[in-house]
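Below is one structure, written out as structure tokens, with a few remarks after it.
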Amino acid sequence: MGLLIQGGTVIDGTGAPGFRADVRVADGRIVEIGPQLQPQGEDVLDARSAYVTPGFIDTHTHFDASLYWDPACDPMLQHGVTTVLIGNCGLGLAPLRAGDRDALAGLFAYVEDLPLDVMKARVPWTWETFGDYARDLAGRDFGPNVAALVSHSLLRMWVMGDEAWHRAATAPECERMAALLGDAMKAGASGLSSSLYDRTADGMMVPSAYADDAEFSAMFEVLAQHGGLFQIIPRLWSPDLAIGDLERLAQLAMPHGVPVLSNGIFERPEDHAVHERMVASARKLNAAGARLYHLASPRSIELPIRVRDCFSLGTVPAWAQLVNAQDDKTALLSDPEWRARARDDWAAASFSKLGHLTRIVKVGNPELSGWVGRTLADLVAERGGDASDVMADWFVENQLDAEFVIPISNLDHGIVGQLLAAPENLISGSDAGAHYQMFSGAGDSTLVLTRHVRERGDLTLELAVRKLTADQADLLGMTDRGRIAEGCVADIAVFSLDELHWAAENVVHDVPGGNPRFTRAPGGYRYTLVNGIVVQEAGKATGILPGRFADELVYAE
């Protein structure tokens, strides 16, 4: 039994103007598009006064672990998302030798802000090779379709052991890594992800940070053979370093035709020249034959500030020392010498100027719960003194269990709109599935369509849909997705712009063990279809999980 989506305006994903047409779906694919199609015994979906578009594709998520306790990827379906890409930022779950599992779980949980005990308990860890991992994914049902990148750091750990954390690879080691990557691509991987940015909780750079040009070139050769893409986090703590990293990698990838996806590009309130330089650099490289794209998210980018564990304080030396301290942190917080260094280091951090936007999101002392939702600036105004000292006192007063969140970028909506529309940028970078104890990455698609299409007009609807669908599908090599066309897979979103809404985040406690996460209310979509099956209607998930791993979609050989 199929479906007939009747009475809507089709925005087909190519960027072409919308047109009135009905869409018939059978056996998971679009079989007919035309005006006034008549039902042939199938269910009819009402798309009157609404748009019918391809389902949205999110190429930057971290659902790797949470797929095993939340296969629906809640609430992505309620925001029109029908395919997610995992394995980003040089982090993944395979290939991984059994002896390295604890170390990898600790790194993943630290960088992506996930509960380590849940990750260890709920991820089955029944694989070592990427092929075995792919077979595990292929045997499961998901809400959206799932594609995966291979972790560069995990390839290095498999081949080099402990040496992966300290040096460049030798020529024979590069050959072994290239062979492993080739095997992973044959098993269904979409490409390779790497990082020059991330550190472990004790300050060590991740293994991929030690790769040299020869190693990257070996990886690009394999990616070219299989039509794979390359995702990278450059050294974002310095614009000059980040631009240099991207120019280096784009030039290395250029002879192979491999697309390079950089996470990401942001409006920085302290220096608007940064994003302008990054766009200009990508434009120049692409004119010379490179394929460099920045990932642009419509949301403000937020960082947590806490002292039990906190990757975002890694660039603030005294505060990083506190986070990494193994002994009495309370004593260090009260130490005059540490406090003097902490004041100087905090003042030098760019986000220290955003106290008026820095929210208190958690307290350890119930008597201080009235402060949740207020700002660091409020706290400093009431208590007086240097902000660093006020924070130090606050952490002591809350038994080290307080937390702040700082929005550090994407605060100027006009500039964000320009970044979303720029041809050098993809609309992506949601980080959904990660950091869900500090924000919800779900709903970027809805924010684009409400704020930047409906309200501000930064993008036309046709351009926004193309950037959320066909552009992403093309990069993933999914030639039968990302478009409304006969023969394409029926991954579809149905919505009226006037009915969409992007709600504030709220906290639920549905992670195993009662752990909290931030989530977001449904976005107002009438229907979302995955592989021709209705997975959400009027904001309510149907509970059906028709999503599949990518090797079953397009990569099987």
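Tell me which residues, restricted to segment 423-444, are part of a loop (DSSP other than H, G, I, E, B) and either free of Cβ contacts under 8 Å to residues at least 40 places away in the same chain or closer than 21 Å to Met278 by Cα (or both). Quick ask: steps written out before the conclusion?
Filtering segment 423-444 down to residues part of a loop (DSSP other than H, G, I, E, B) leaves 423-424, 428-431, 433-443.
Correct list: Pro423, Glu424, Ser428, Gly429, Ser430, Asp431.
Take Gly414 and decide whether it is surrounded by fewer than 18 Cβ atoms within 10 Å (Cβ to Cβ) and out of contact with any helix residue (DSSP H, G or I) (no Cβ under 9 Å at 6 or more places or on another chain). Please lay out each step first, then the result.
Working: surrounded by fewer than 18 Cβ atoms within 10 Å (Cβ to Cβ): yes; out of contact with any helix residue (DSSP H, G or I) (no Cβ under 9 Å at 6 or more places or on another chain): yes.
Against the criterion (surrounded by fewer than 18 Cβ atoms within 10 Å (Cβ to Cβ) and out of contact with any helix residue (DSSP H, G or I) (no Cβ under 9 Å at 6 or more places or on another chain)), Gly414 qualifies.
For segment 342-377, which residues satisfy the criterion of being more than 16 Å from Leu303 (Cβ to Cβ) and outside any helix (DSSP H, G or I)?
Once the filter is applied, which keeps residues that are more than 16 Å from Leu303 (Cβ to Cβ) and outside any helix (DSSP H, G or I), segment 342-377 yields Val363, Gly364, Asn365, Val372, Gly373, Arg374.
Working only within segment 417-471, note down all residues that are more than 30 Å from Ile360 (Cβ to Cβ), among the β-branched types (Val, Ile, Thr) and assigned by TED's automatic domain parsing to the domain that holds Val494.
Val453, Thr460, Val465, Thr469
Residues being among the acidic types (Asp, Glu) and part of a loop (DSSP other than H, G, I, E, B): count how many of those fall in segment 224-271.
Within segment 224-271, the subset among the acidic types (Asp, Glu) is 240, 245, 247, 267, 270-271.
Cutting the leftovers down to part of a loop (DSSP other than H, G, I, E, B) gives us 267, 270-271.
Going through segment 224-271 one residue at a time, the tally reaches 3.
Just name the residue that is surrounded by the fewest Cβ atoms within 10 Å (Cβ to Cβ) out of those in segment 174-192 that are in contact (Cβ under 8 Å) with a residue 40 or more places away in the chain and of a type outside the set (A, V, I, L, M, F, W, C).
Out of the qualifying residues, it is Glu175.
How many of the residues making up segment 17-74 are closer than 27 Å to Asp141 by Cβ, surrounded by fewer than 24 Cβ atoms within 10 Å (Cβ to Cβ) and in contact with a Pro (Cβ under 6 Å, 6 or more places away or on another chain)?
1
Checking Leu475 against (1) aliphatic (A, V, I, L, M); (2) at pLDDT 95 or above; (3) assigned to a helix (DSSP H, G or I): exactly one of these is not met. Which one?
Tallying (1) aliphatic (A, V, I, L, M); (2) at pLDDT 95 or above; (3) assigned to a helix (DSSP H, G or I), Leu475 fails exactly one: (2).
Output the residue which, of all residues in segment 178-234 that are more than 22 Å from the chain's Cα centre (by Cα) and among the polar types (S, T, N, Q), is farthest from Gly90 (Cα to Cα).
So the residue we want is Gln225.
Could you grab me the full set of residues in segment 472-498 that are closer than 21 Å to Val416 by Cβ and either crowded, with 22+ Cβ neighbours inside 10 Å or not assigned by TED's automatic domain parsing to the domain that holds Arg20 (or both)? Step through it out loud before you land on a result.
Filtering segment 472-498 for residues closer than 21 Å to Val416 by Cβ gives 472, 497.
Answer for segment 472-498, where residues must be closer than 21 Å to Val416 by Cβ and either crowded, with 22+ Cβ neighbours inside 10 Å or not assigned by TED's automatic domain parsing to the domain that holds Arg20 (or both): just Gln472.
Among what's in segment 434-471 and is under 30 Å from Leu116 (Cα atoms) and of a type outside the set (Gly, Ala, Ser), pick the residue that is surrounded by the most Cβ atoms within 10 Å (Cβ to Cβ).
Asp444
Residue-by-condition table, conditions (1) surrounded by fewer than 18 Cβ atoms within 10 Å (Cβ to Cβ); (2) of a type in the set (Val, Ile, Thr); (3) touching a residue at least 12 places away in the same chain (Cβ under 8 Å); (4) in contact with a helix residue (DSSP H, G or I) (Cβ under 9 Å, 6 or more places away or on another chain):
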| site | (1), (2), (3), (4) |
| --- | --- |
| Leu354 | no, no, yes, yes |
| Arg374 | yes, no, yes, no |
| Ala377 | yes, no, yes, yes |
| Arg383 | yes, no, no, yes |
| Asn398 | no, no, yes, yes |
| Phe404 | no, no, yes, yes |
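Of the residues in segment 504-538, how many are assigned to a loop (DSSP other than H, G, I, E, B) and either under 30 Å from Gln225 (Cβ atoms) or at pLDDT below 95 (or both)? Working first, answer last.
So the first thing to find is which residues in segment 504-538 are assigned to a loop (DSSP other than H, G, I, E, B), and the list is 504, 521-526, 531-532, 538.
Then keep just the ones that are either under 30 Å from Gln225 (Cβ atoms) or at pLDDT below 95 (or both); that gives 504, 531.
Looking only at that region, the number is 2.
Would you check if there is a residue in segment 231-244 being over 22 Å from Ala288 (Cβ atoms), modelled with pLDDT of 95 or more and touching a Cys at 6+ places or on another chain (Cβ under 6 Å)?
yes
Only one residue in Gly314, Gly264 is under 22 Å from Asp344 (Cα atoms) and modelled with pLDDT under 90, so which one is that? Full working, then the answer.
Working: Gly264 fails: under 22 Å from Asp344 (Cα atoms).
Selected residue: Gly314, the only one of Gly314, Gly264 that is under 22 Å from Asp344 (Cα atoms) and modelled with pLDDT under 90.
Got at least one residue in segment 445-457 being closer than 28 Å to Val111 by Cβ and part of a loop (DSSP other than H, G, I, E, B)? I'd like the intermediate steps shown before the answer.
Keep residues of segment 445-457 that are closer than 28 Å to Val111 by Cβ, which gives 445-448.
Then drop every residue that is not part of a loop (DSSP other than H, G, I, E, B), which leaves none.
No: zero hits.
Yes/no matrix, rows are residues, columns are (1) without any contact (Cβ under 8 Å) to a residue 24 or more places away in the chain; (2) of a type in the set (Phe, Trp, Tyr); (3) assigned by TED's automatic domain parsing to the domain that holds Gly7:
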{"site": "Leu500", "(1), (2), (3)": "no, no, yes"}
{"site": "Val508", "(1), (2), (3)": "yes, no, yes"}
{"site": "Val511", "(1), (2), (3)": "no, no, yes"}
{"site": "Phe518", "(1), (2), (3)": "no, yes, yes"}
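The values are calculated or read from the model by the stated rules, or taken from the named source; none is laboratory data. Here the structure is a predicted model, which is why all the values come from computation and not from measurement. Positions of Cβ are generated from backbone atoms using ideal geometry, with glycine treated the same way; all protein chains shown enter the neighbour counts.
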